[in-house]
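Below is one structure, written out as structure tokens; the observations come after it.
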Amino acid sequence: MSESDQLGGGPAAAGSPRKADEGVRPPLLNSAQRRSIAFITGAALILYLAVRLLPAGSNVNHMDFRVEGKGVLEFCDPANPQFIPVVAVRSPVVMTVQSARAAAKDEPVEITVTLRTASGKPIGPADLLVAHTRKLHLLVVDPTLTDYQHIHPEPGRRDGEWKFTLTPARAGLYRVFADFTPAATQRGLYASADLPVSGPVATVITSGSTVYQDRGYNFELILPPILRAGQPTVLRFRIESQGAVKRPVPLQPVMGAFAHLVAFDESRSGFAHLHPVENDLSKPPDALHPELNFRLTIPVSGRYVIWAQVKLDDKEVFAPYWVDVLP
């Protein structure tokens, strides 16, 4: 016997278990089996990616919104609307506005708004509650207060970024107010930033009329005889068709209410976002003469513009009213 046979490497080892295992070949899969395995693998991959894309919950807590010192913007009760001096005080949220290119009058431009807490954490969709059908409201107004746009941006690719398209109707330094409710606090909060729009700022002669006409309807804001700073007041907003024979007003809810009022002061130091007392959507106002009531307290005297926003026949109408508030 050779040395190799003695070591198990010759013919005597041909029937050993190791050689027998090497000679076994697994059966080949048929096409149906291969398709089944590919389907299961693909379904598992899709399920994995879907789970990864689900919201992971808020990474922001109440302490992230705390700012020490004086002159800090306080959280507000959404059920008790008031004029908010956003610019004059420090917000616990840092807001920046950037445009894809230089903004110009009458030209649409893509805008990115970034929101971060005082501690630097990004504020994304998971960090905000839905308030009036949206998580983030942007109130955009030009220096003359004659171009007001209410915009709901969409989340961007990066957490904390929100994107929208703006078509400025005028030139000058636009102010963008953000209105939102953090999930960590469940109280209304605000921030602001400016966006330059190239071109000279026009001089606008404002009207003191309390009746705005559009699309064959009169939109009237009924004020008390005298508006005084610091005194609670009730504003009545009424719509009716023009002409002797009145026809029904096709009033529809917008952002969870039959109308919205937004008041700005002349220096755009802040705003008040008001909702009607009649907040039950199952009980719409009178079809021929719909009338809604709004409570408001303006703390400082001066000239203000109050914008009404309503929806008629799936089209939104923005109506401005200039008012003077006495000391």
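Overview of values
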{"item": "Exclusive hit being closer than 20 Å to residue 312 by Cα, touching a Leu at 6+ places or on another chain (Cβ under 6 Å) and surrounded by fewer than 19 Cβ atoms within 10 Å (Cβ to Cβ), set 283, 246", "result": "246"}
{"item": "Any hit, the range 172-193, residues being surrounded by 15 or more Cβ atoms within 10 Å (Cβ to Cβ), on the phi > 0 side of the Ramachandran plot and not β-branched (Val, Ile, Thr)", "result": "yes"}
{"item": "Selection status of residue 249, part of a strand (DSSP E or B), at pLDDT 95 or above and in contact with a Pro (Cβ under 7 Å, 6 or more places away or on another chain)", "result": "no"}
{"item": "Residue satisfying all of: in the range 183-208; within 15 Å of residue 145 (Cβ to Cβ) and modelled with pLDDT under 90; nearest to the chain's Cα centre (by Cα) among these", "result": "201"}
{"item": "Residues of the range 97-125 classified as among the basic types (Lys, Arg) and farther than 19 Å from residue 198 by Cα, total", "result": "2"}
{"item": "Search result, residues across the range 97-132 that are in a strand (DSSP E or B), surrounded by 14 or more Cβ atoms within 10 Å (Cβ to Cβ) and out of contact with any Lys or Arg (no Cβ under 8 Å at 6 or more places or on another chain)", "result": "97, 99, 103, 104, 114, 115, 116, 117, 131"}
{"item": "Boolean, residue 134 is out of contact with any strand residue (DSSP E or B) (no Cβ under 6 Å at 6 or more places or on another chain), at pLDDT 95 or above and among the basic types (Lys, Arg)", "result": "yes"}
{"item": "Residue in the range 200-211 that is out of contact with any Asp or Glu (no Cβ under 8 Å at 6 or more places or on another chain) and in a strand (DSSP E or B) present", "result": "no"}
{"item": "Verdict on residue 217 being in contact with an Asp or Glu (Cβ under 9 Å, 6 or more places away or on another chain), outside the structural domain of residue 140 (by TED's automatic domain parsing) and not polar (S, T, N, Q)", "result": "yes"}
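This table checks each residue for (1) in contact with a Lys or Arg (Cβ under 9 Å, 6 or more places away or on another chain); (2) surrounded by fewer than 18 Cβ atoms within 10 Å (Cβ to Cβ).
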site: 134; (1), (2): no, yes
site: 138; (1), (2): no, no
site: 143; (1), (2): yes, no
site: 147; (1), (2): yes, no
site: 152; (1), (2): yes, yes
site: 155; (1), (2): yes, yes
site: 166; (1), (2): no, no
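The values are calculated or read from the model by the stated rules, or taken from the named source; none is laboratory data. Keep in mind that this is a model prediction, so the values were computed, not measured. When we count neighbours, we look across all protein chains shown, and the Cβ atoms used for this are built from the backbone with ideal geometry, even at glycine.
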